[in-house]
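Structure, as structure tokens:
The values are calculated or read from the model by the stated rules, or taken from the named source; none is laboratory data. Everything quoted here is computed from the prediction, not taken from an experiment. Cβ: placed from backbone, ideal geometry, glycine included. Neighbour counts: every protein chain shown. The area values use the complete protein model at the heavy-atom level, side chains included, leaving out ligands, DNA and RNA. Shrake-Rupley method; radii C 1.70, N 1.55, O 1.52, S 1.80 Å.
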Amino acid sequence: MASMKLGSKPDAFQLEGQTWIVMSELVSDVVIEVGEMSFHLHKFPLINRSGLLQKMINESNSDNSKDCVLQLHDIPGGSKAFELVAKFCYDVKTELNASNVVSLRCAAEHLHMTEDYVEGNLVVQTENFLKDVFCDWNDSIKVLQTCEDLLPFAEELHIVTRSIESLATKACADPTLFGWPMIGQYNAKSLEGSVLWNGISTSGKSRSPGADWWYKEVSFLKLPLYKRLILAMESKGMKPDNIAGSLMHYAKRYLPGLTRHSSYQDGGSRMASSASGPALSENDQRALLEEIVELLPVEKGATSTKFLLGLLRTAMILHASRSCREHLEKRVGIQLDEVALEDLLIPNMGYTMETLYDIECVHRILDQFISMQHAAIANSPEIVDDGQLMSSSAELTPITMVAKLVDGYLAEVASDVNLKFPKFQTIAAAIPDYARHSDDGIYRAIDIYLKSHPWLTDSDREHLCRLMNCQKLSLEACTHAAQNERLPLRVIVQVLFFEQLRLRTTIAGWFFVSDNMDNSHPPRILPKNGDGFMQTEITEENEQALSMDEVRVRISELEKECSTMKQEIEKLGKPKTGAWSLLYKKLGFGTKSQQDTDGKHLPMDC
């Protein structure tokens, strides 16, 4: 910390109770009261330095009063600041540093201690020292902190503005270019005992500070000055993710509800969360949260969704304003594809408390994401139909990741007996069919919901099962569905039909391979794709042909699977007449002498 020595004489002040007395041969002729403290001083040193004291002493003499007692209860910095002023007037040795320079500067201005009375007066001394203080990061932080207790005096002297400007400039610049102490930098003591055998020391080298090196220091500021500092940094080009990182650190220091939900790993910060700050009332926490939400960068991805959802949960607990909660829901909806499932399980803070989790909140967040996706599709002329959307979804895209997230969320909340069927259906149906590569997730959620809601009518069960596409179930899911007594019979039959159709297509592909074994470039057998179908690909690079024995083994395995599916259908009971008999004939389980000639097909939707 920077410091400067003032005065040359030894300290002659003595404290007796609540009274400061100057040890001198001359009897004190003026008493100055500051708060509860009294200072017994002499008029001559004071009137030579302070214009205000000179005026007050002259006015007191004109009243012909025997005792000269002055009151300075409104002096900035109180009795501690006036003690330093009095020592300066007596040329007593004092130390000027970043902790007392603001109070001394404000007190000097209040007492009119300018160059009009003596050269090198206190105003000039403190002002010159402030210029040195603003060159150092830690000193500037200390100055800004002391300004919080000296408003509006420090504001009128532009100390606050200059300190914020200094800090913002340093935070936005490359910290390695300056000499202020940085996190991760070693001091001289750390070099002791670290010299290697060849005389080369490695521990003395300073490590490059990260982008979060300033988070902890600024988090000690009160909200008004912290807000001004953040806005100044933003105006100077601070990166949005650094702004968001500082806001996260600040929020977790003063909002205890956030630290209970998540650890301080958001935004990639390497710094551990600081100790809890001073306890704030519920109203103060609510005001702080709303201010932080307004300060968050608007750029997508700058603020982690984990932190946004933590703010949303805390906003519900503190009953923050509706606009604040809606803004957070919108921000989460914009980057819903980055949300983790456990963070989306928001406890219900409403007055009704019908469901364990806040389903309505998640529904609004999902609607925000879907509307954004629709707008993106509308602005993309190259995507014109669902076929292109499905082909473009071969890799993980935001909509496919959200589909998986929603299916997992529905599986988590489906066991809540208070979750109404229309709400479950609405959330599940919000995801377009092309977004799901596989419907195993939504099938699992439907099965859990059916198990937890056995009182559903047959009509509701039918409508619920229409949320999934039976053709997009994996073999494992089909096997489970075929034995699931909770599903409607019609759905079970359709699952078996599509799996039988899939197996026949696969076998046909194997026979195609067998017929082309004599070709110079045999086909390469690929594993199943996302829909469960076997793929065959004839490539010029594949020079190793499969033997007929291998083909026969695979066909035998598929025939066993087909036989298993037949047995599952037979467990349902063979219908006697009508459309069910026709279905059995189509699947190949009827008599071969009877032919299907009516051309009817089983409905494709569930």
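Yes/no per residue for (1) open to solvent by 70 Å² or more (accessible area, probe 1.4 Å); (2) part of a loop (DSSP other than H, G, I, E, B):
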residue: Leu15; (1), (2): yes, no
residue: Ser28; (1), (2): no, yes
residue: Glu33; (1), (2): no, no
residue: His40; (1), (2): no, no
residue: Phe44; (1), (2): yes, no
residue: Leu53; (1), (2): no, no
residue: Met56; (1), (2): no, no
* **Odd one out for Ser263, checked against (1) closer than 24 Å to Leu309 by Cα; (2) at pLDDT 90 or above; (3) in a loop (DSSP other than H, G, I, E, B)** => (2)
* Taking the options Asp149, Asp174, Asp136, name whichever one is under 19 Å from Lys216 (Cα atoms), at pLDDT below 95 and loosely packed, with under 15 Cβ neighbours inside 10 Å. => Asp174
* Select, from Met1, Met23, the only residue that is touching a Phe, Trp or Tyr at 6+ places or on another chain (Cβ under 9 Å) and not small (Gly, Ala, Ser). => Met23
* Asked: Assuming Asn48 fulfils every condition listed in (1) in contact (Cβ under 8 Å) with a residue 24 or more places away in the chain; (2) within 53 Å of the chain's Cα centre (by Cα) apart from one, which condition is it?
  -> (2)
* Asked: Only one residue in Glu485, Glu499 is open to solvent by 30 Å² or more (accessible area, probe 1.4 Å) and over 17 Å from Ala428 (Cβ atoms). Which one?
  -> Glu485
* How about the stretch 445-471: which of its residues are open to solvent by 10 Å² or more (accessible area, probe 1.4 Å), assigned to a helix (DSSP H, G or I), over 12 Å from Leu487 (Cα atoms) and touching a helix residue (DSSP H, G or I) at 6+ places or on another chain (Cβ under 8 Å)? -> Gln471
* Output the residues belonging to the stretch 66-108 that are among the basic types (Lys, Arg) and within 46 Å of the chain's Cα centre (by Cα). => Lys80, Arg105
* Within the stretch 413-426, is there a residue that is assigned to a helix (DSSP H, G or I), open to solvent by less than 10 Å² (accessible area, probe 1.4 Å), closer than 24 Å to Leu308 by Cα and modelled with pLDDT of 90 or more? -> yes
* Asked: Is one or more of the residues making up the stretch 79-93 among the small types (Gly, Ala, Ser), in contact (Cβ under 8 Å) with a residue 60 or more places away in the chain, part of a loop (DSSP other than H, G, I, E, B) and open to solvent by less than 60 Å² (accessible area, probe 1.4 Å)?
  -> no
* Asked: Exactly one of (1) at pLDDT below 90; (2) among the aromatic types (Phe, Trp, Tyr); (3) within 28 Å of the chain's Cα centre (by Cα) is unmet by Tyr434. Its number?
  -> (3)
* Structure fact -> Checked the stretch 152-171 for anything out of contact with any Asp or Glu (no Cβ under 9 Å at 6 or more places or on another chain), assigned to a helix (DSSP H, G or I) and open to solvent by 50 Å² or more (accessible area, probe 1.4 Å); matches are Glu155, Arg162, Glu165, Thr169
* **Within the stretch 211-240, tally of residues that are touching a Phe, Trp or Tyr at 6+ places or on another chain (Cβ under 7 Å) and of a type outside the set (Ser, Thr, Tyr)** => 1
